[in-house]
Amino acid sequence: MDSKSMIDEEQFMEIAISIFDGLKSFFSDKLQNIALVVEDQPSEEQLQSLNIKNNQQLLGLYQGCPYSKRGVGYNLVAPDRIVLFKNNIEERAKSPEEIPDIIEKVLIHEIGHYLGLGEQQLRFLEKKNKVRF
């Protein structure tokens, strides 16, 4: 754990896996072939692909083919990825106790992308429900 971290990488991953497993049971058969990945921060390529200038804005990222766009022939493919950016999530948290809530919101947002929702649709739902993902 570096001096800026609130929790170590292993604890962070355990929290993320526990929350993700709970969400998988909620979405039942829809969440298939997804790898959960934790990285310290977004790469330059990831930021450029999303046209993001401020690295700290990006808390998570979905990479793959959305469920809504998969056809009958969609099989034998590498897993889609949901990436959580540990440093940015910790930066957003005011305390270690807030980290699980932020992880859950980020995972729900990225699962929304996996299900085929666009950024505007997700922002609308967040605003309507007064939730920030």
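Bear in mind that the values in this text are calculations on the coordinates, not laboratory data. All values derive from a computational prediction rather than experimental measurement. Using ideal geometry, Cβ is built from the backbone for each residue, glycine included, and neighbour counts are taken over all protein chains shown.
For this structure, a couple of remarks:
- Simple Cβ-charge dipole of the chain, Lys/Arg +1 and Asp/Glu -1, about Cα centre, in debye nearest 20: 860 debye
- Mean sequence separation of contacting Cα pairs (under 8 Å, at least six apart), scaled by the length of the chain, corresponds to a relative contact order of 29 percent.
- Theoretical FRET efficiency, 1/(1+(r/R0)^6), r = Cβ-Cβ of Arg70 and Lys128, R0 30 Å, to 0.05: 0.65
- Anisotropy class of the stretch 1-73 from Cα gyration tensor, a/c 1.5 cut: oblate
- From phi via Karplus (6.51, -1.76, 1.60), per-residue ³J(HN,Hα) for the stretch 16-22 in Hz, x at Gly/Pro: 4, 5, 4, 5, 4, 4, x
- For the stretch 27-90 versus the stretch 95-127, the gap between their alpha-carbon centres in whole angstrom: 12 Å
- Bridging of Lys69 to aspartates and glutamates at a Cα separation below 14 Å is possible for Asp80, once same-chain residues fewer than 8 apart are set aside.
- Our coupling estimate for the stretch 81-91, obtained by passing each phi through the Karplus curve with A = 6.51, B = -1.76, C = 1.60 and θ = phi - 60°, is 10, 10, 9, 9, 9, 4, 4, 5, 5, 5, 4 Hz, Gly and Pro reported as x.
- Estimated [θ] at 222 nm from DSSP helical runs (n ≥ 4, -39500 (n - 2.57)) normalised by residues in the chain, nearest 500: -13500 deg cm²/dmol
- Selected from Gln121, Gln41, Gln63 as most flexible by GNM, with the chain as the system and alpha-carbon contacts under 10 Å: Gln121
- Of the residues Pro96, Gln120, Asn33, the one whose Cα sits farthest toward the positive end of the charge dipole of the chain, with +1 on the Cβ of Lys and Arg and -1 on the Cβ of Asp and Glu, is Gln120.
- Applying the criteria of a DSSP loop state and at most 14 other Cβ atoms within 10 Å to the trypsin sites (Lys or Arg not before Pro) of the stretch 31-104 yields Lys53, Lys94.
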